[in-house]
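Input: a single structure, listed below in structure tokens.
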Amino acid sequence: MKPAIYILGLASLVVLIVVTVLSQALPVQAQIPGGFFGVDGFITSTSTPTTLNFPGTPYATPCDPGTFAGCVGSTTNQTYGAAADGNLVLDGVVVGGVTFEPARDLLPPQGLADRLVFRRAGAGLPNRALLFFQYETALGAPTNVLELTPERALSLEEAMLSRIINRGIDNVFNNATPGAQETRNNIQRVDYLVLGSAPPFNGLDLTAIDRATTGFLVLERGGNDPFQIAAITAVDAAGDPTAYGPLITVPAGAWGTSGATPIVSAVLRLDDLTTPINPATAVFNPSHLVPAQSIQGIVFPINSLVPDTVDVIFGYSLFAGDVTAGANLVDFASFPITTNGTTQGGLDLVAGGFGLVQQVAQPVADFALVKRITNLIGPATLPDFTQVLGTTPAENQLRTTGLGQGLITVTDPTVDSGNVVEYTIYLSNVAAGDATGVIICDQIPAVTTFVPDSFGTGQGIQAIASSNPPGPVVNYTNADDGDPGTFFPPGTPLPPVCGSDQGNGAVVVNVGTVGGDQVGLIRFRTGVN
């Protein structure tokens, strides 16, 4: 007569590996200025634009007949918001597999800068505004029709302080490249100001945020232009920058590989900024077309822009590539006014770039094992194996999903030699995050022997893979033959996951991933010696 069989605690040893997230890697890579990251992908949605039609809109003077055939001296039927879902709205970006979204809690409601200022200087340079819009009309279409996909913005500031990314600014810092595609202007610096409360301004308190996972996003059409960036470290009573962090140079090849669908864009000009804008007119006049280019982006973590000794910043400024490292960044009037639009001044700044982004907190797993005796083969009278014991979160989840049945101990009936005991190890993940790389090893209890054909010839292991509701029961072979389950007989070296070898063999199952809010099970039987 054998004593009652007691479950041997939780003999299984679970190896739980959660996939590394970017928040763990960023601090190492971004401790010195220049630790910025190209965007790998965009998360977008669409919205319905406000459609506005302006027949008889004159083309800009000059315009480019090479892209708008017959535009010189002509007019066009210009439509903003020509597509039903024409506004392409940026909801987040992906860097290294990790999502960044607008920091709405820090800069409500959209994570955008409080104020955007284009600093202009340079006698004789055009004081104009240029905006590009995604071009809805097919290339080569008659120039008497101009259909623009997104809705209109009345100014550079309105366009840039939005979340619509299929519009933006063409050749932001071009001072010296005239021609039919006339994009020269007198913009010398672009200030994205995060001021906070009214003066005295309190800016963005860096002591309360993670500098490695919070930062600024800059987007460009084409991802092929250099520029420079510096954090604003002080402002005056008017909110104008008075001090900067180090000037960070961004090469043309740093934009990442978002794979975003290329868009054709039409560049429009407003050549007179002194006359009040009349919304009843088209405001901007078409200048030229730009062939299809993708939108690309860069995330600048705070600790890539300023050292840890800086506790407050007031946003950031963008500069042309030819501003020298030793320049007085506050004195934008001293910057070069010969910046070439095809090289150092060619930044095509996409609207909708958030003033501030934060890494989205990765959901974590809450993984547990619940081991039970679920059957006893041999005695005529059996206890109730259908009950679900316990009230832990894992046990409650198993109960809700129809699993978790079984007993912790069996004292009546007594268990004799030749009886077969069935063990079930339930898997539970009550959290939203995945538990990945899960391996279960359960060594066979002493005074028992693994039953190799419990569920079919050579099939001594059963399982329900990670699922909710629970999926079907499947059988695994005992052999190491490619399915997730393997039985290691006594005397066979056990995998390291099993820990100290108790000398009676072990069931090992490579579970893989147990998804968020999912359950599963592993089952095997042993005969009493």
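The values are calculated or read from the model by the stated rules, or taken from the named source; none is laboratory data. Please read all numbers here as calculations on a predicted model, not as lab measurements. Counting neighbours? That spans all protein chains shown, and the Cβs are built from the backbone with ideal geometry, glycine included.
Structure summary
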| item | result |
| --- | --- |
| Residue within the range 423-440 that is out of contact with any Gly (no Cβ under 9 Å at 6 or more places or on another chain) and in a loop (DSSP other than H, G, I, E, B) present | no |
| Subset of the range 439-450 [farther than 17 Å from Val474 by Cα and in contact with a Ser or Thr (Cβ under 7 Å, 6 or more places away or on another chain)] | Cys441, Asp442, Ile444, Pro445, Thr448, Thr449, Phe450 |
| Check on Pro200, part of a loop (DSSP other than H, G, I, E, B) and touching a residue at least 24 places away in the same chain (Cβ under 8 Å) | yes |
| Candidate set from the range 113-152 (those that are polar (S, T, N, Q) and outside any strand (DSSP E or B)); member that is modelled with the highest pLDDT | Thr149 |
| Pair list, Cβ < 7 Å and 6+ apart or interchain, from the range 203-219 residues that are within 15 Å of Asp191 (Cα to Cα) to residues that are hydroxyl-bearing (Ser, Thr, Tyr) | Phe216/Tyr316 |
| Failed condition for Thr177, given (1) touching a strand residue (DSSP E or B) at 6+ places or on another chain (Cβ under 7 Å); (2) more than 21 Å from Leu219 (Cα to Cα); (3) in contact (Cβ under 8 Å) with a residue 60 or more places away in the chain | (1) |
| Matching residues, the range 77-91, being part of a strand (DSSP E or B) and buried (at least 21 other Cβ atoms within 10 Å of the Cβ) | Gln78, Thr79, Tyr80, Asn87, Leu88, Leu90 |
| Members of the range 230-254 that are within 18 Å of Phe37 (Cβ to Cβ) and crowded, with 24+ Cβ neighbours inside 10 Å | Ala231 |
| Selected residue [under 16 Å from Ala320 (Cβ atoms) and not hydroxyl-bearing (Ser, Thr, Tyr)] from Gln181, Gln228 | Gln228 |
| Residues being loosely packed, with under 15 Cβ neighbours inside 10 Å and either more than 21 Å from Phe455 (Cα to Cα) or touching a strand residue (DSSP E or B) at 6+ places or on another chain (Cβ under 6 Å) (or both) - total across the range 394-430 | 9 |
| Residue check, Thr274 among the polar types (S, T, N, Q), in the same structural domain as Gly203 (by TED's automatic domain parsing), closer than 30 Å to Ala198 by Cα and exposed (fewer than 13 other Cβ atoms within 10 Å of the Cβ) | yes |
| Test: Ala83 is out of contact with any helix residue (DSSP H, G or I) (no Cβ under 9 Å at 6 or more places or on another chain) and under 16 Å from Asn166 (Cβ atoms) | yes |
| Index of the failed condition, Thr492 passing every other in (1) part of a loop (DSSP other than H, G, I, E, B); (2) in contact (Cβ under 8 Å) with a residue 24 or more places away in the chain; (3) among the polar types (S, T, N, Q) | (2) |
| Near pairs, Cβ below 7 angstrom, 6+ apart or cross-chain, from the range 51-69 (over 19 Å from Ala82 (Cα atoms)) to any residue that is among the aliphatic types (A, V, I, L, M) and not in a loop (DSSP other than H, G, I, E, B) | Thr67/Leu289 |
| Breaking point among (1) buried (at least 24 other Cβ atoms within 10 Å of the Cβ); (2) at pLDDT below 95; (3) under 29 Å from Ile43 (Cβ atoms), for Arg167 | (2) |
| Number of positions in the range 444-465 that are aliphatic (A, V, I, L, M) and either more than 45 Å from the chain's Cα centre (by Cα) or modelled with pLDDT under 95 (or both) | 4 |
